[in-house]
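Let me begin by presenting the structure, written as structure tokens, before commenting on it.
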Amino acid sequence: MSAEPLVSVIVPTFNGAKHIGATIDSILAQTYRNLEVLVIDDGSTDDTPEVVRRYGSPVHYVQQSNAGTAAARNTGVRQSRGEIIALLDHDDLWLPRKLELQVPRFLSAPEVGLVFAGIEFFLHDTGRVTATYFPAEELDAHDLLAHEVLPIQTVMFRRTAFEQVGPFDTALRGTDDWDMSIRMASQFRVIGVPETLARVRLHETQQGHNQERMFHQAMRVVEKHEHLHPNCRKCRRAARKSRGILRENYYGEIKAQAVAAWGAGRRASAAFTAARAFWENPPALWRVLGRSLTGKPA
């Protein structure tokens, strides 16, 4: 790998005209200058093409029929030239020194396949930072299978590592990045830079707001990798932990919807929603029954 390798930045987008300009600006403001930007338009019907084309030659714009984020990322990698691939969603932002601080991690350790960093979440309407998140500084496949999800806005990987583990899984919608990180960690070191280097915009149109779809897609990732290593206790333990976390999170979301529906007088809707929650997370039913018998709140 060269002393200052070319970094290819892949930005998949679908109807991202509202935010993608700010996203591109944050990429072009990087202190690390040896980069190329590829925006993969996954069938947008808004003004995304016009917004991106205003940037001219610094941004390579590619259109394709709608096929999902994973397919768009694969297209971007195929059309890119860099030794290192970096990912960013069309509504999120990088801090200026992101690439400057992450690229050297590849140069110092040839066994590293993927590098990530910390993120902060901010409200689109007000700009207020609501939370920060940073995983452990090094993770293996069992850590990731156990629901240690990497911030995709910070993920970078070697092209050679990507070629070895294979492309993003287009059968997964919204969880293809988690699947990729597990596959990377099964063959390469996965390490982090202990700094916040990206910002995640919180707004109502995000893909992750479809809780039911995300729950089932995440469960598919667990099912895909629970036998990553034959007869491996760590794999089984990690898969069990991940399923528990996913069910708890999904139950919490549905429970909140049921409470809101009950409070608004939509009793039938509340009952149906609560039944869905118990179906997806059976232990919650036993907690509710047990607490009703003891007089404790559910």
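The values are calculated or read from the model by the stated rules, or taken from the named source; none is laboratory data. Treat the numbers as computed from the prediction; the structure is a model and nothing was measured. Here the Cβ positions follow ideal geometry from the backbone for every residue, glycine too, while neighbour counts run over all protein chains shown. Just the protein is used for accessible areas: all its heavy atoms, side chains included, with ligands, DNA and RNA removed. Shrake-Rupley method; radii C 1.70, N 1.55, O 1.52, S 1.80 Å.
Structural remarks
- Protection proxy ranking of 27-35, 56-64, 122-130 - average other beta-carbon atoms within 10 Å, highest first: 27-35, 56-64, 122-130
- Magnitude of the charge dipole for region 15-90, about its Cα centre and with charges confined to Cβ atoms of Lys, Arg (+1) and Asp, Glu (-1), is about 200 debye.
- Calculated FRET efficiency for the pair Phe121/Arg220, C-beta based, R₀ 25 Å, to 0.05: 0.50
- HN-Hα J in Hz across region 79-87 - Karplus 6.51, -1.76, 1.60, θ = phi - 60°, x for Gly and Pro: 8, 8, 10, x, 6, 10, 10, 10, 10
- Gain on full stretching of the segment that runs from Lys18 to Arg237 - 0.36 nm per residue minus C-alpha separation: 74.6 nm
- Of the solvent-accessible surface of region 136-179, computed with a 1.4 Å probe and all protein chains present, 45% belongs to carbon and sulfur.
- Whole-Å distance, taken between Cα centres, linking region 213-230 and region 33-74: 29
- For region 105-249: rounded, prolate or oblate by the Cα gyration tensor [a/c cutoff 1.5]: oblate
- Pairwise label distance in nanometres, Asn66 with Val129, each label 7 Å out on the Cα-Cβ vector: 3.6
- Each residue of region 19-26 is assigned a 3J(HN,Hα), and the resulting list reads 10, 5, x, 5, 5, 4, 4, 5 Hz, derived from the Karplus form 6.51 cos²θ - 1.76 cosθ + 1.60 (θ = phi - 60°), x at Gly and Pro.
- Cut-off under 5 Å, modelled amide H: who pairs with Asp47 long-range: Ala17
- Within region 106-200: Cβ-based charge dipole about Cα centre, in debye rounded to nearest 20 (Lys, Arg +1; Asp, Glu -1): 240
- Couplings 3J(HN,Hα) of region 148-162, computed from phi: 8, 8, 6, x, 4, 5, 10, 6, 9, 9, 5, 4, 5, 5, 4 Hz, in residue order, whole Hz [Karplus 6.51 cos²θ - 1.76 cosθ + 1.60, θ = phi - 60°; x for Gly and Pro].
- Paramagnetic label zone (point 7 Å from Cα along Cα-to-C-beta, Ser2; backbone N under 15 Å) in region 44-59: none
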